[in-house]
Every structure is written in structure tokens, then in C-alpha cells.
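Structure, as C-alpha cells:
The values are calculated or read from the model by the stated rules, or taken from the named source; none is laboratory data. This one's a predicted model, so the numbers in the text were calculated from it and none came from an experiment. Using ideal geometry, Cβ is built from the backbone for each residue, glycine included, and neighbour counts are taken over all protein chains shown. Heads up: the accessible areas ignore ligands, DNA and RNA and are worked out on the full protein's heavy atoms, side chains in. Shrake-Rupley method; radii C 1.70, N 1.55, O 1.52, S 1.80 Å.
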Amino acid sequence: MFFDLVSRNSKRSRKENGLFFASLLAAIVAFYIILSLSHQDVMLFLKEMESDAVNRLMTMIPLFYAMTLFLLFFLVYFACKFQLQRRSHEFGVYLMMGMRRSKLFLLLLAEDLKSNVTALLIGLPIAIFLSEIISLVTARLVGLGIIGHRISVSCNAILLTVIGFLAIKLAAFLILSGKIVRQEIGSLLTPAPEGTKKQLPSAIYTLSVLVGIAFLAIAYAMAIKGLSWQDVSNMALTFLLGFSGTLLLFFGLRSAMGIFAGRAGKKQRLHTFTFRQLQEYVIHRSNALAISSLLILAALCCFGCGVAIAKFYGASEPHAIDYTFSEWEDPKEVQAKLETGKLSSLFSNIFEMKVGYIRRSEDYDSAYSMDRVMSALEHLPDSEDKTVLLDNLGYADYPYLISLSGYNQLLSIADLPQIVLSDDEAAVYMDTDFTTPSRISILNQILATRPEVTIAGEPHDLTGTVQTTNLVVDRSITLSFALIVPDEVFDSLTTGDYSTYLNAVFAPEETSHKSLLTCFLDTNEKLDALGLSYESYLQNMGRQLFYVVAASYITIYLAIIFLIIANTIIGVQFLTQQQKTARRYQTLIRLGASYESLCCSANQQISWYFGIPTIIAALSSIFGTRALFTGFLSSRTQVDIPSMMVISAAMILLLCVVEWIYMTAVKRSSSHFLLSLMAPKREE
């Protein structure tokens, strides 16, 4: 009998509180994914390439785990509190029928334990599956493809997920059930009504809205301009203004609900009732709505910013060369070793990239002069880009030279147009780490006029556009400013004293039947056996992939947690408040209100109740995401903020769709509850 009652109550609780149960499933999935991060194939690969960075990332995981447990405890506590309060009459009846308080405690404990085990049995398999899918998708972002994937299940992550989930559920249960079983039977059978809150003059609420908007505007202005990121005090002030502004804004919305109730849409059925209900909800729950809005804002900002950064780093470095052999290796000896080791067939193209200084001039300080370029820059309208270019190019009086033939082979591999130069012409090369698209555009305008420069006392014309394709696969050499010249001119100006980097590209047949990662790992092992010194695109790939993982995994994880907490709070509070006001709906039914009109009113209430914090959060997230870009991105990367904002806006829109799904689920639960009120019942 006892266990049958436990089973029925647990099943009914999951059915009636589907939103909360689904939120717990999502929390279990998020727990496992973040805890199993170190066991996923993509992270095992990164540990070999970016071990220090990965280790630092792994040390942060316990902090995120502990923070999540802390936040979810309050979610579980308040959600369970509302559910137990709703069942207080049921508990009072149990005690009236002779059930001992200790047995009531065991009943509640058994119900909670059964629900927890069910959630874990459903959530963990989903989490393991999604973890594998996310690992593959993350690898795909930087072109790894299918990487010989093996399914890996982290027992440690499963154990910590189970322990953490059960710990917060048990802690919340012990606190709440203890309060329930200690209450008198009369208080359980007749719960005390919520007290009314005093209404202030409407001018106070209007002023609250205006001050709240002003505080938010100041907070976002400080963050976007970078003032918040200068020191801790400015950041604390920004958070204080943002938090206070949100609370004041929602506090002032109390009067807005009254205005809507008294004016617009009077022809709609139950219009006044709908907005009076909303007004009461906002009066009693304005702080909760404000906190939920801030959590949704945090979720939108994390998701939008994280995905945009991951997408940027996933596509920021074009892949043209696969290997670069060290400048200290003799190119002829390298090729001889490759022939000896029968590795030449691995590569379809092996070519030399020659880089050297101007050696023919005795006065190195005046080996190069570009007065006409500097003069053209000085005549441009004042701007930050102009100032930076004048400063940087002012030190470019002894630039590197690059051999034209090698660079043209690089352009050919990258499917870019090759450069054609005469003996008295040169092209400009600048690594993207040292410039921005806007500055390149300025220089291209000047180069279009073919300005004359002096190299070792001889006149040359700068022509074409600024070249930015990387000379080598990784970071053997990064040049802030260099000149590309014909091979004969290069040999003459360097007097034969230059460095040679040997670049190699995989043969198509090598990468057609296996993943790029497998190709690199197999080739690295063979090259190491020959004792060759090299860099591979694998290092570059690993760095990009780390940024992708760090940005996407952590921020999406936080976004999911914040979204779960916010929406569960809003949904559970609304459904609980609706059940507390059930008598009002029953009165409307006796007065002739139809089921359709009641559902229409409730759906409008839900749309407004979810919509207000979501819309405010969505609008704020545009500024919040922009502020995060200001704080997290380097000055070089910030030039790509407009395109990254487009990606962020798309992600914010996607999460708004998730909000709509939450809203639809709550509407369905509300409709089921209203349907149960349509049948006449005896009143106790």
C-alpha cells in the first residue's frame, strides 16, 4: 500500500510538474557534459597540442561545477517549496486519516528518491549521447571532420553528476519536508493567504522606471566604452547599476499593468481580469521577475558571445600549407631525408619560402625609405587607423624581403591570384596579427597610386594590394611589414644571406580516405623518426580548436544553466500562483465563462509573464554582448565585432525560440489545470 502510494504520487508529480522535471533533466545533461570534457576525443587531442592552456581550462571546471550546484540548489529549493505548498491540503488529509508524521516524512523522501532516480536514468544516457555529438560538432568547426571517433564514457563524470544532483535535491528536501511535517494539521488543510502589498502613487512607479532605464544605460555605456574593464571598482559599479536598474524597472511595471487593465482592449474577453491577475503577479513577484530577466540576459550574452567567438576562431586562420621545415634545416638535406624515408609521396608540393634582410646597403638605418607613402598617409583625414599606420610604418626602415617565386607558389596553393612584378616593382606584405582590414584598405588606396620607394638607394614602385597569406604554417615567422620582390632582385639585395623555409602540402590521395587529424599524427610520427625539425598545421589547428572549445563549451554550458533556472522559476511561480487563485476561475465558470475564454485569458497572462522579462533581457543582451566583446577581444580582433554581432543576434534569436517553447509548455500545463476546474466539485 505504502509503495503503491509512493509510485502513484511520484508519477503524478512528474506529470503535473513536467516543466520542473524537464529542467532537472537538462541540468543533469549539462552537469555530465561539462564534467566529461577532459575525456572527450577533442580534448585528448588538445592536451597534446595546447597542454598548458587545456590544463588551466580543466582547473576551472570544478569552479563552474560548484557554482552551478549553488545556483541549482536555490532553483530546486524554491520549485519544490511551491510544489509542497500546493499539496499541503493533501498532507493534512493524510495526517487526519492517522498517518504518523514520521511516515509522512518517509513518504515524501521515497517520492523524491524515486523521481531523482528516474531523472538520472533518463538524463544520463541523453547526456552521454549529446556529449559525443557535441565533441564531433566542435571538431567539425575547425575542419577536423570525423576523427576516428571512439565513444568514451566518463565514469568520474557520471559519479560526480549523480552525487551533485542527489546532494542538492536531498538538501532541499530535508529543509522543506522538515517544515511540512512539523506544521499543524489545521495550517496544512487551510494554507494562509498571501498578504497584500501596499500600492504607492503612480508617480513613484513612473520615476522607478525612468531611473531604472537611466541606470541600465549608464551601465552598458561604461561596459561598451571599456571603462568597466579598467579596474575592479568600475566593474563593481557597472554590476551595481545594472542590477539596481533592472530591479527598479520591474518594480515600476506594477502601474503599467493597471494602465493596460483600464484602457486598451476592453472588447477582448476577460481583458480586465487578465491584466488584474498580471498586476497582482508583478506586485508579488517583481523581484523574482527581475532576477529571472537578469538570468535570461546572462544566458543570451553567454550564448551569443561564446558562439560568435568560437565561430570567429574556427574560421580565422585559412589553411593552405600543411608543414614547414625549420630554417635551420638545409632544404636539400630535408628533401634527401624524405626520399630516403620514402615520404616524398606524402606531399604533392614542396617549395622554398626565402626571407631575408637588405644586405647590400652599408647604412642599414636608411636601407629603405617610403616618404611618398608617409606623405599620402599624412594627408588623409584624421582617424585612429591613420595614427596607428603612421606610427607603425615609421619604424619600417629596415624591412624583410620575400622572394616572389616562393610566395606565388603559396598563392597558387591557396587558390589566390599570383603577383606579377618587374625588376623595379615591389608588393607589400603584412601579417594579419599586426594589422586590421580597415588599415589594409587605407594602404590599398595608397598603393593604387603606385608610390615610389627607395630600396638600397634604388627606386622601386609599390604596386598591387597588401598581401596577408601566412608564409609558414604556424609561428616560425610573423612579419609586421615586408616587401615581396622578384627573385633576381631578392638575391641581389640580400647578397645571398637569407633564411629558407621549406613548405609542404599533403597529396590529395593522402587525405581522401582518412581524417586530416589522422594524416598529421601518422606523418608526425614518421618525420620524428627521421629526426627532422618542423612545424605543422596541427599546432595552428590545436590553438584554434582550444579557443573554440573554451568559448563554446563553457559559455553554452553557462547559458543552459542560466536559462533553466530563469524559465523554471517563471513557469513554476506562474502555475503555482494560478493554482492559488483557482477559486477565481471557478467563480468565472459559475458566471458562465467558457473553457476557451479562460484558456485565452491564461495564455495572455503567460505570454506577458514570460514576455516582459524575456523582451527586456533580449534588448539588453544586444548591449551586453557588445560589452563582452569589448572586454574579452583584443584590439586586433575587435575590428570583426560587426560580423560577430550578427552571429550573436542570430544566437539570441535562437534562444528566444527556446523561450517560446518554454512558454508553450507552461500554457499546456495551464490549460490542463483549467480543464480540471470545469467539472463541478464539492468545496470542503
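Here residue 210 fits the description: open to solvent by 50 Å² or more (accessible area, probe 1.4 Å), at pLDDT 85 or above and in contact with a helix residue (DSSP H, G or I) (Cβ under 9 Å, 6 or more places away or on another chain). Mind checking whether some residue in the stretch 72-84 is hydrophobic (A, V, I, L, M, F, W, C), farther than 18 Å from residue 576 by Cβ and assigned to a helix (DSSP H, G or I)? Checking the stretch 72-84: at least one residue is hydrophobic (A, V, I, L, M, F, W, C), farther than 18 Å from residue 576 by Cβ and assigned to a helix (DSSP H, G or I). Restricting the stretch 197-241 to residues that are closer than 17 Å to residue 289 by Cα and touching a residue at least 60 places away in the same chain (Cβ under 8 Å), the residue that is nearest to the chain's Cα centre (by Cα) is 216.
Residue count for the stretch 409-442 under the criterion of being open to solvent by less than 20 Å² (accessible area, probe 1.4 Å) and either farther than 25 Å from residue 492 by Cα or not aliphatic (A, V, I, L, M) (or both): the result is 4. Between a first residue in the stretch 84-110 that is closer than 19 Å to residue 174 by Cα and open to solvent by less than 20 Å² (accessible area, probe 1.4 Å) and a second residue that is outside any helix (DSSP H, G or I) and modelled with pLDDT under 75, which pairs have beta carbons less than 7 Å apart while being 6 or more apart in sequence or on different chains? From residues that are closer than 19 Å to residue 174 by Cα and open to solvent by less than 20 Å² (accessible area, probe 1.4 Å), the pairs are 88/191. Note on the stretch 443-475: residues that are in a strand (DSSP E or B), open to solvent by less than 40 Å² (accessible area, probe 1.4 Å) and either closer than 30 Å to residue 504 by Cα or of a type in the set (Ser, Thr, Tyr) (or both) total 2. Among the residues of the stretch 218-271, write down those that are surrounded by fewer than 15 Cβ atoms within 10 Å (Cβ to Cβ), modelled with pLDDT under 75 and in a helix (DSSP H, G or I). Within the stretch 218-271, 232, 259, 262 qualify.
So which residues in the stretch 417-439 are outside any loop (DSSP other than H, G, I, E, B) and modelled with pLDDT of 90 or more? Those that are outside any loop (DSSP other than H, G, I, E, B) and modelled with pLDDT of 90 or more: 425, 426, 427, 428, 429.
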